[in-house]
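This report concerns only the one structure given below.
The values are calculated or read from the model by the stated rules, or taken from the named source; none is laboratory data. Computed from a prediction, not measured in an experiment: that's the story for all the values here. In this analysis, Cβ positions are derived from the backbone assuming ideal geometry, glycine residues included, and neighbour counts consider all displayed protein chains. To get the accessible areas, we keep the full protein, side chains included, count just its heavy atoms, and leave off ligands, DNA and RNA. Shrake-Rupley method; radii C 1.70, N 1.55, O 1.52, S 1.80 Å.
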Amino acid sequence: MTKVILKKKISRRIESGHPWIFANEVHAVEGDVAGGETVDVYTHDKKFMGRGYINPQSQILVRLLTRDKSETIDDAFFFNKLKEAWEYRQRLGYTENCRLVFGEADYLPALIIDKFSDYFVLQTLALGMDKWKPAIVQALEKLFSPKGIYERNDVPVRELEGMPQQKGFLSAPFDTQIIINENGLRMHVDLESGQKTGYFLDQHDNRRAIQHIVKGADVLGAFCYTGSFETHAGWYGAKSVLGLDISENAVAQARRNAALNGLENICTYQAVNAFDVLKQWSKDGRQYDVVMLDPPAFTKSRETIQKAITGYKEINLRGMKLVKKGGFLVTSSCTNLVQPELFLETIQMAAKDARRKLRQVTFQAQASDHPIIEGWENTNYLKFLIVQVL
Ligand code: SAH
């Protein structure tokens, strides 16, 4: 097997068990380098570090799959990993929908699998993982006898690995418009064209966290996508809910979700730019009991973190101004580049500019089917904050 020898000085990241090995951390490669093949990684003084897959086209030269020298990387390896991942989720109480595999945090780098009842959506975001797609599909079939498996590899990161963007069926074709149950509600999910894998499962617990504060409230939800938070607000007894999203498509889906739950008279939606509208409405003196914000990641690169922080501050400032005294702001951020402390600081900066005082109700991360591993900052990405605005 091809051997990858690391430089003498090993980064803290590799020492902490993180599976990525960057090309500039490698001293030498002994043997053939074929993209996607399994290789062994050794320290400079010949100690076995792990086994993983290589891609000379990627800045991340190797992603480790195991640190156990006796473990073979084959179809059975993937079957066992998926089985373990499912057993873990079941122990946490998941039965119907969950992120079955959360990449690195399940020691399956670059693999995402979402389970939506009997349907599965998968993403293989690195060449070495893509190669094992048939084994992964086979494992899913054996473990779950699914009604359908769909590939959502229509994501630009694949190009960094020299792979095309693509999507399509990995099982016999099926109707990709499905309905899932979440927290007692029913939601339409579009597996083929919805954002990411179709539905943001990571906010599952956070949606429930709004239960008490929305009762009898006038609620404004910006960046609503298919209205998951908004439908929950209606379900939990809000007096009125207005959801905003820039995408006509998202708003149309949100309306369908309201109807599906008999909430079409409570939950209404508008396709608008939230930045513009929130600014205008605070000038107009509009006020809400609860304002919810769940914007997209404002940055994907370290170079533009400052831009993202400015974006978060600005939108939260605008949101806060629309909250009645004593009402609540529910605010999220989904980029791992803005770590939790920095997010809290940004919200405080917005409060200062808005001349409001905040009282923290809860500060949470993503649901537990997206495990966080300490020190692996790309696993700790979602921030969800509820504050009372005084
Ligand atoms: N709250 C949703 C997820 C939101 S994803 C859920 O739980 O499912 C972010 C959404 O912001 C996307 O649907 C995107 O269309 C929308 N968006 C992006 N820029 C926007 C803008 N300027 N104004 C309003 N919506 C915007």
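List of remarks:
- Filter result for Gly285 (open to solvent by 40 Å² or more (accessible area, probe 1.4 Å) and assigned by TED's automatic domain parsing to the domain that holds Leu385): yes
- All of Glu345, Glu341 fail the test of being more than 21 Å from the chain's Cα centre (by Cα) and not hydrophobic (A, V, I, L, M, F, W, C), apart from Glu345.
- Restricting the first member to region 173-188 and to residues that are of a type in the set (D, E, K, R), and the second to residues that are open to solvent by 60 Å² or more (accessible area, probe 1.4 Å) and in a strand (DSSP E or B), the beta-carbon pairs closer than 6 Å and six or more apart or on different chains are Arg186/Ile179.
- Pairs, first farther than 15 Å from Thr331 by Cα and within 11 Å of the ligand (Cβ to nearest atom) in region 274-290, second of a type in the set (S, T, N, Q) and open to solvent by 40 Å² or more (accessible area, probe 1.4 Å), C-beta under 8 Å, six or more apart: Val277/Gln270
- Members of region 128-143 that are closer than 24 Å to Gln195 by Cβ and either open to solvent by 10 Å² or more (accessible area, probe 1.4 Å) or in contact with a Phe, Trp or Tyr (Cβ under 6 Å, 6 or more places away or on another chain) (or both): Asp130, Lys133, Ile136, Val137, Leu140
- Region 10-25: number of residues that are open to solvent by 20 Å² or more (accessible area, probe 1.4 Å) and touching a helix residue (DSSP H, G or I) at 6+ places or on another chain (Cβ under 8 Å): 4
- Single residue of region 354-385 satisfying the filter (surrounded by 14 or more Cβ atoms within 10 Å (Cβ to Cβ) and acidic (Asp, Glu)) that is farthest from Glu15 (Cα to Cα): Asp369
- A residue that is surrounded by fewer than 22 Cβ atoms within 10 Å (Cβ to Cβ), polar (S, T, N, Q) and free of Cβ contacts under 8 Å to residues at least 40 places away in the same chain occurs nowhere in region 254-261.
- Listing of strands (runs of 3 or more DSSP E) fully contained in region 313-390 that carry 3 or more residues being at pLDDT 95 or above and more than 21 Å from Asp205 (Cα to Cα): 323-333
- Some residue of region 223-232 being open to solvent by 10 Å² or more (accessible area, probe 1.4 Å) and away from the ligand (no atom under 12 Å from the Cβ): no
- Each residue in region 311-343 was checked for being under 16 Å from Lys383 (Cα atoms), open to solvent by 10 Å² or more (accessible area, probe 1.4 Å) and touching a strand residue (DSSP E or B) at 6+ places or on another chain (Cβ under 7 Å), and 1 pass.
- Elements of type strands (runs of 3 or more DSSP E) contained in region 1-83, each with 1 or more residues being within 31 Å of the chain's Cα centre (by Cα): 20-22, 26-30, 38-42, 48-54, 60-66
- Residue in region 147-155 that is open to solvent by less than 10 Å² (accessible area, probe 1.4 Å), at pLDDT 95 or above and among the polar types (S, T, N, Q) present: yes
- When we screen Gln270, Gln280, Gln306 for residues that are surrounded by fewer than 16 Cβ atoms within 10 Å (Cβ to Cβ) and farther than 30 Å from Pro156 by Cα, the only hit is Gln280.
- The condition (being aliphatic (A, V, I, L, M), surrounded by 15 or more Cβ atoms within 10 Å (Cβ to Cβ) and out of contact with any strand residue (DSSP E or B) (no Cβ under 6 Å at 6 or more places or on another chain)) is satisfied by just one residue among Leu191, Leu170, Leu185, Leu201: Leu185.
- Index of the failed condition, His212 passing every other in (1) buried (at least 18 other Cβ atoms within 10 Å of the Cβ); (2) more than 11 Å from the ligand (Cβ to nearest atom): (1)
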